[in-house]
């Protein structure tokens, strides 16, 4: 029996690679317009980074992380999300000592053991944006505007932005008291996981996916009624900035996000009831991981989910030209010469292929058509002797005689 990929993982096949390249280039270009620079962090980290940063009572840490002991008996976890590793790199490499804000983006695989469904895999890939060192609401608005513009640039129109403020630790103390008082009346109806969260982190119960818990929390106290004046001012300023650049939003007081490091602003972008992007402010994570007391804000966006959204919206990604020129051959001498010509054309920038399978001429032309070659030429003994060949345009069959010693002329015809 042939081996298969592990459940919850998916191969990126050659026929789909161009879609990923297109999306990644568009995201990279978008990031650079906002002054973001790329960062790459390891695929695994010490487990403590996630338990301290993400939070021990979150679903990610309690249920979803891929954790193991390495040969040195150290607890290691495959990257469960992108923010904590970026913060760790920021602190470890003393980037905080440079002029702020630090504006970063990354592409990264993320590993979570969760129920496999369409657009949600156990290994998926994220585009992330993190801005360190600034506390102003303008940065929250900028991060949100990047996320919104990404989808708009791809042509997705049915977007809904939901925002909330979950305040600071002082706000949450008061809120947690009110929340516990409310949830205490429904304690026996909570799932076992939420019962364990009740004392340590009752806000996590608001993020539970169990139907029974969702039914209970729909009438829970609203955190916006408990946030302090500073957090309230920050949230109002965010609205001003979003209004100024024409980004519409809906205040959703039940958004808390699934990770403990968030504070003040949290947001989600929804397309047809599916969350396609989420993020917010995390002003205490840098200090928690061992760095200075510095604020930060960012988001994560699943690339598989982005591609799925484009597909559902019938937005086509343009296929690239895979092959400029295919050089066929008849006989061994011509095969050697076509190999040399293909090498020379590639050095000059053409996408070029030749025959490696000793196919018949008919089969070679069929293959050239299959790989999408714009032009073909066939070399035989006569072409080698005369140092001339017929360059055929595959779209309409037009043929032009070319000099095999004038490669630049051939290239100029192909590039017209």
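Which of the residues belonging to the range 90-119 are in contact (Cβ under 8 Å) with a residue 12 or more places away in the chain, over 18 Å from residue 281 (Cβ atoms) and within 19 Å of the chain's Cα centre (by Cα)?
Listed by number, the residues that qualify are 106, 107, 108, 109, 110, 111, 112, 113, 114, 116, 118, 119.
Residue 181 fails exactly one of the following numbered conditions: (1) touching a strand residue (DSSP E or B) at 6+ places or on another chain (Cβ under 6 Å); (2) more than 30 Å from residue 316 (Cβ to Cβ). What is the number of that condition?
With (1) touching a strand residue (DSSP E or B) at 6+ places or on another chain (Cβ under 6 Å); (2) more than 30 Å from residue 316 (Cβ to Cβ) applied to residue 181, the lone miss is (1).
Of the residues 269, 227, 255, which single one is part of a loop (DSSP other than H, G, I, E, B), modelled with pLDDT of 90 or more and either in contact with a strand residue (DSSP E or B) (Cβ under 9 Å, 6 or more places away or on another chain) or closer than 29 Å to residue 139 by Cβ (or both)? Full working, then the answer.
Numbers: 269 fails: part of a loop (DSSP other than H, G, I, E, B); 255 fails: modelled with pLDDT of 90 or more.
After applying the criteria, what remains is 227.
Kindly provide the set of residues from the range 234-255 that are out of contact with any helix residue (DSSP H, G or I) (no Cβ under 9 Å at 6 or more places or on another chain) and more than 15 Å from residue 164 (Cβ to Cβ), ordered by number.
243, 246
So how many residues does the range 107-117 have that are farther than 18 Å from residue 21 by Cβ and out of contact with any helix residue (DSSP H, G or I) (no Cβ under 7 Å at 6 or more places or on another chain)? Spell out how you get there, then give the answer.
Filtering the range 107-117 down to residues farther than 18 Å from residue 21 by Cβ leaves 110-117.
Now drop any that are not out of contact with any helix residue (DSSP H, G or I) (no Cβ under 7 Å at 6 or more places or on another chain), which leaves 110-111, 115-117.
Number satisfying all stated conditions: 5.
Is the range 154-169 home to any residue that is in contact with a helix residue (DSSP H, G or I) (Cβ under 9 Å, 6 or more places away or on another chain), in a helix (DSSP H, G or I) and over 16 Å from residue 276 (Cα atoms)?
No: zero hits.
Looking at the structure I just gave you, is residue 96 assigned by TED's automatic domain parsing to the domain that holds residue 36, in contact with a helix residue (DSSP H, G or I) (Cβ under 6 Å, 6 or more places away or on another chain) and either buried (at least 21 other Cβ atoms within 10 Å of the Cβ) or not in a strand (DSSP E or B) (or both)? Talk me through it step by step, then tell me what you get.
Working: assigned by TED's automatic domain parsing to the domain that holds residue 36: yes; in contact with a helix residue (DSSP H, G or I) (Cβ under 6 Å, 6 or more places away or on another chain): no; either buried (at least 21 other Cβ atoms within 10 Å of the Cβ) or not in a strand (DSSP E or B) (or both): yes.
No, not satisfied.
Let's see how each residue does on (1) at positive phi; (2) surrounded by 15 or more Cβ atoms within 10 Å (Cβ to Cβ):
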| residue | (1), (2) |
| --- | --- |
| 332 | no, no |
| 338 | no, yes |
| 343 | no, no |
| 346 | no, no |
| 358 | yes, no |
| 364 | no, yes |
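I'd like to check which strands (runs of 3 or more DSSP E) are fully inside the range 282-393 and have at least 2 residues that are more than 30 Å from residue 53 (Cα to Cα) and touching a strand residue (DSSP E or B) at 6+ places or on another chain (Cβ under 9 Å). Show your work before the answer.
Details: elements: 296-302, 323-329, 352-354, 373-379, 388-393.
Counting at least 2 such residues, we get 323-329, 352-354, 373-379, 388-393.
Which of the residues spanning the range 394-412 are surrounded by 12 or more Cβ atoms within 10 Å (Cβ to Cβ) and either free of Cβ contacts under 8 Å to residues at least 24 places away in the same chain or assigned to a strand (DSSP E or B) (or both)? Lay out the reasoning, then the answer.
Narrowing the range 394-412 to residues surrounded by 12 or more Cβ atoms within 10 Å (Cβ to Cβ): 394, 399-400, 402-404, 406-407, 409-411.
Across the range 394-412, the qualifying residues are 399, 400, 402, 403, 406, 409.
Using the structure shown, decide if residue 199 is under 25 Å from the mean Cα position of the chain (by Cα) and either farther than 29 Å from residue 63 by Cβ or at pLDDT below 90 (or both).
Values: under 25 Å from the mean Cα position of the chain (by Cα): no; either farther than 29 Å from residue 63 by Cβ or at pLDDT below 90 (or both): yes.
No, not satisfied.
Would you tally the residues in the range 231-252 being out of contact with any strand residue (DSSP E or B) (no Cβ under 9 Å at 6 or more places or on another chain), under 20 Å from residue 168 (Cα atoms) and surrounded by 13 or more Cβ atoms within 10 Å (Cβ to Cβ)? Steps first, please.
Looking only at the range 231-252, we keep the residues that are out of contact with any strand residue (DSSP E or B) (no Cβ under 9 Å at 6 or more places or on another chain), and these are 233, 236-237, 240-241, 243-246.
Next, from what is left, pick out any that are under 20 Å from residue 168 (Cα atoms): 233, 236-237.
Checking the rest, the ones that are also surrounded by 13 or more Cβ atoms within 10 Å (Cβ to Cβ) come to 237.
So the answer is 1.
Any chance the range 172-187 includes a residue that's touching a helix residue (DSSP H, G or I) at 6+ places or on another chain (Cβ under 7 Å) and outside any helix (DSSP H, G or I)?
yes
The values are calculated or read from the model by the stated rules, or taken from the named source; none is laboratory data. Note that the structure is a prediction, hence the values are computed from the model and not measured. Heads up, the Cβs are rebuilt from the backbone with ideal geometry, glycines too, and the neighbour counts pull from every protein chain shown.
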